[in-house]
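The values are calculated or read from the model by the stated rules, or taken from the named source; none is laboratory data. Just so we're clear, the structure is a prediction, and the values are computed from it rather than from any experiment. We place every Cβ from the backbone using ideal geometry, glycine too, and count neighbours over all the protein chains shown. We work out accessible area using only protein heavy atoms, side chains counted, and drop any ligands, DNA or RNA first. Shrake-Rupley method; radii C 1.70, N 1.55, O 1.52, S 1.80 Å.
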Amino acid sequence: APHADFLSLNLNCPNSLGGVSVFEDPRVLRELFVALGEVPGLPPVFAKAKTPRGEASIDAVLEAADGFHFIRGFVPNPMLPKPYSGLNTPPAELAALPGTLSGPFRHRLVGPSVRAWYARIDPRRHALFGVGGIRTAEEAYALIRAGASMVQVLTALVYRGPALVGAIKRGLDRL
């Protein structure tokens, strides 16, 4: 905690338990927040939550986080449903793999996910990270327009290198 500017708490790992998380239960999630609140010097925490199945699910996460002032925002995490299409890997091989895909394959789901969360949060209280397949300034800007306070670039850095960050920043200035 004393070495971090913020923490991103991944509440759903798609590679475990068949994509089902114990933290989908709001009572368990609240217990986690209670325990986390006991950590001294805790920096702001952003809860990365699987994009839920409708507004009631978003509200359940928000209610679980209510009263925990260290929860500063959320990272909507849309999961790409199977079967996947447009990939070179044979469909049978993909179907046998646990988890889900990340990167540009998910990008089409990110904007709607951010919009759904933004409609439910108090933007003065919580921020949103836009994550998932961001490769260009235009993609980052679209998520900002959808309600994201910040964007996170991961997969594209692997393929395009750290100069991508400067290119996206310059593009955002232009936009």
The lone condition I134 fails out of (1) among the β-branched types (V, I, T); (2) over 22 Å from F6 (Cα atoms); (3) in contact with a His (Cβ under 8 Å, 6 or more places away or on another chain) is (2)
Within region 1-24, residues out of contact with any helix residue (DSSP H, G or I) (no Cβ under 6 Å at 6 or more places or on another chain), at pLDDT below 90 and open to solvent by 50 Å² or more (accessible area, probe 1.4 Å) come out as P2, N10, C13, N15, L17, G18, V20, E24
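Can you say whether E63 is surrounded by fewer than 18 Cβ atoms within 10 Å (Cβ to Cβ), acidic (D, E) and touching a residue at least 24 places away in the same chain (Cβ under 8 Å), as far as the supplied structure shows?
Details: surrounded by fewer than 18 Cβ atoms within 10 Å (Cβ to Cβ): yes; acidic (D, E): yes; touching a residue at least 24 places away in the same chain (Cβ under 8 Å): yes.
Judged against the criteria, E63 is a match.
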- Answer yes or no as to whether V39 is open to solvent by 50 Å² or more (accessible area, probe 1.4 Å), among the β-branched types (V, I, T) and modelled with pLDDT under 90. no
Out of (1) within 17 Å of the chain's Cα centre (by Cα); (2) closer than 16 Å to S8 by Cα; (3) surrounded by 17 or more Cβ atoms within 10 Å (Cβ to Cβ); (4) at pLDDT 95 or above, the one Y118 does not meet is (2)
L87: passes all of (1) closer than 30 Å to R30 by Cβ; (2) outside any helix (DSSP H, G or I); (3) not polar (S, T, N, Q) but (1)
